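The values are calculated or read from the model by the stated rules, or taken from the named source; none is laboratory data. Since the structure is predicted, the reported quantities are computational estimates derived from the model, not experimental observations. Using ideal geometry, Cβ is built from the backbone for each residue, glycine included, and neighbour counts are taken over all protein chains shown. The area values use the complete protein model at the heavy-atom level, side chains included, leaving out ligands, DNA and RNA. Shrake-Rupley method; radii C 1.70, N 1.55, O 1.52, S 1.80 Å.
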Amino acid sequence: VDLTELVGLIADSFSREAHEKGVNLSHSAAPGLEINTDPDRLRQVLSNLAQNALEHTPPGGSVSLTARIDARGALVEVADTGSGIHPGDLPHVFDRFYRSRGPAGSGLGLGLAISRELARALGGDVSVSSEPGKGTTFVVNLPL
């Protein structure tokens, strides 16, 4: 899978929604980042994370998708300047049916759980860091 191309395709697929909402959507990846993985499942993971980022980022905010390779493998970060996740909710965001008590508590509570399960099925994982009022970053880590 050409990770550079996939990150660009994901960003392009959400560009209209971002524009209509007044959110700056950007992406970056060095050319030629390739990994051996299931493109459909990875697209599902990244699309879900990008959709969540857009949903929780107010007009004037930003969402970025960044791909790179480091010692841990291939990393794709989906970062936003949205509402953030309360520290008490962070340990539970990947639990099925868990819904945050704050503004991020919309939805059925399945998307992040499914994203993590898919990433793990691909041999990787998803992690999260967040600060309320400043934004959230999800990192998908996949083996090369």
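General remarks:
- Nonlocal amide H pairs with SER28, under 5 Å, H built at 1.01 Å: LEU65, THR66, ALA67
- Estimated translational diffusion coefficient (Stokes-Einstein, Kirkwood radius over Cα pairs, 37 °C, 0.692 mPa s) of the chain: 218 µm² per second.
- Charge dipole (debye, nearest 20) of segment 1-83; +1 at Cβ of Lys and Arg, -1 at Cβ of Asp and Glu: 140 debye
- Once you reduce segment 20-60 and segment 127-144 to the center of their Cα atoms, the two points are 12 Å from each other.
- Overall form of segment 1-68 per C-alpha gyration tensor (a/c, 1.5; a/b vs b/c): prolate
- Average Cα contact separation per residue, segment 22-103, under 8 Å, 6 or more apart, as relative contact order %: 30 percent
- Residue-normalised accessible area of the chain, given per residue in Å² at a 1.4 Å probe: 50 Å²
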